[in-house]
């Protein structure tokens, strides 16, 4: 990877610039990929509903970058970001959205059921909180087999109101499992805010009474999220117990689809404008410029990602659909 900035920087500065540039690259890939989905979705060629994560990129990029290559992770129906942050590829991704034979799962998964075990992504699910107990099971397997592998489970704050969340985190604490619970907290369960859903004020305050580490942050700074995740991983390994990591963000678009929905009345445009002032990509780009990267270098990175995505969409459009027999392949019962 090319390191931007003056070659006279000391080793620490070079490493920090390299880290922040890679985190920015991951976020740009996620943002531009989902913006491309927005532009093309109305063509009605993508064979899947989509749940976009614009505004959330720092969580996916920061947490995934902190995980080791051997670690495993699970996600929800809003998981484009964690896939893209780990793999960096878009050919199979877009082909999957288009339902093509060249897709990640040959068109059977669509947007909501991504899986790439070779990269550690063990699966995503459209069932609210559905991946949480599965991740706990994977963490149990990791503990039994040894080797120090961590298992991360990504889910929204709405999932914490399902009974299986409490059963899972209780079991993980009881068995002291190496699982990182990552709550992507946008204060909404589809359209309903916390005050209308909860008879308590603070979930982290409740979880502090369990035998697990609890970390929270409302930052949109991807570097800070990266270091908070490293802190969480260290707590898991040193204390031999799970960790709950609560990270706040703001969902820019509607729950499902590619449009704004501020006219619906459950949230205001002003909320978005306040959060957009601390947009994660904006913060990271400004940070890189201060670290010595040039506008030209960052633009070159962004343009390369634009070309990558355009080529992937072109290939997806040209690819064939799978034959009927594919419905019965790689399906387990």
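What do you reckon, is residue 282 in contact with a helix residue (DSSP H, G or I) (Cβ under 9 Å, 6 or more places away or on another chain) and either surrounded by 16 or more Cβ atoms within 10 Å (Cβ to Cβ) or not in a helix (DSSP H, G or I) (or both)? First the steps, then the outcome.
Values: in contact with a helix residue (DSSP H, G or I) (Cβ under 9 Å, 6 or more places away or on another chain): yes; either surrounded by 16 or more Cβ atoms within 10 Å (Cβ to Cβ) or not in a helix (DSSP H, G or I) (or both): no.
When the stated conditions are applied, residue 282 does not pass them.
Screening residue 112 with (1) within 21 Å of residue 147 (Cα to Cα); (2) surrounded by fewer than 23 Cβ atoms within 10 Å (Cβ to Cβ) gives one miss only, at (1). Counting only residues that are in a helix (DSSP H, G or I), surrounded by 12 or more Cβ atoms within 10 Å (Cβ to Cβ) and more than 24 Å from the chain's Cα centre (by Cα), region 285-311 holds 4 of them.
Conditions tested, residue by residue: (1) surrounded by fewer than 20 Cβ atoms within 10 Å (Cβ to Cβ); (2) touching a helix residue (DSSP H, G or I) at 6+ places or on another chain (Cβ under 9 Å); (3) not in a strand (DSSP E or B).
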position	(1), (2), (3)
123	no, yes, no
142	no, no, yes
159	no, yes, yes
167	yes, yes, yes
184	no, yes, no
204	yes, no, yes
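In region 166-208, how many are in contact (Cβ under 8 Å) with a residue 60 or more places away in the chain and over 24 Å from residue 261 (Cα atoms)? Qualifying residue count for the region: 10.
Any residue at all in region 316-329 that is touching a helix residue (DSSP H, G or I) at 6+ places or on another chain (Cβ under 7 Å) and surrounded by fewer than 16 Cβ atoms within 10 Å (Cβ to Cβ)? Give the derivation first.
Looking only at region 316-329, we keep the residues that are touching a helix residue (DSSP H, G or I) at 6+ places or on another chain (Cβ under 7 Å), and these are 316, 319.
Remaining after also requiring surrounded by fewer than 16 Cβ atoms within 10 Å (Cβ to Cβ): none.
The answer is no, given that none of the residues of region 316-329 is touching a helix residue (DSSP H, G or I) at 6+ places or on another chain (Cβ under 7 Å) and surrounded by fewer than 16 Cβ atoms within 10 Å (Cβ to Cβ).
What number of residues within region 209-226 are part of a loop (DSSP other than H, G, I, E, B) and touching a residue at least 24 places away in the same chain (Cβ under 8 Å)? Working first, answer last.
Going through region 209-226, the residues part of a loop (DSSP other than H, G, I, E, B) turn out to be 209-212, 218-221.
Now restrict to residues that are touching a residue at least 24 places away in the same chain (Cβ under 8 Å): 210-212, 218-221.
So the answer is 7.
Does region 263-272 include one or more residues that are outside any helix (DSSP H, G or I), out of contact with any strand residue (DSSP E or B) (no Cβ under 9 Å at 6 or more places or on another chain) and surrounded by fewer than 16 Cβ atoms within 10 Å (Cβ to Cβ)? Within region 263-272, one or more residues are outside any helix (DSSP H, G or I), out of contact with any strand residue (DSSP E or B) (no Cβ under 9 Å at 6 or more places or on another chain) and surrounded by fewer than 16 Cβ atoms within 10 Å (Cβ to Cβ).
State all residues of region 144-157 that are farther than 21 Å from residue 218 by Cβ and either more than 24 Å from the chain's Cα centre (by Cα) or buried (at least 20 other Cβ atoms within 10 Å of the Cβ) (or both); if no residue qualifies, say none. Before you say what the answer is, go through the steps one by one.
As a first pass, look at region 144-157 and keep what is farther than 21 Å from residue 218 by Cβ: 144-151.
Selection gives 144, 145, 146, 147, 150, 151.
For beta carbons closer than 9 Å, sequence separation of 6+ or different chains, a first residue in region 301-330 that is modelled with pLDDT under 95 and a second that is exposed (fewer than 13 other Cβ atoms within 10 Å of the Cβ), the qualifying pairs are 322/329.
The values are calculated or read from the model by the stated rules, or taken from the named source; none is laboratory data. Since this is a predicted model, take the numbers as computed values, not measurements. We place every Cβ from the backbone using ideal geometry, glycine too, and count neighbours over all the protein chains shown.
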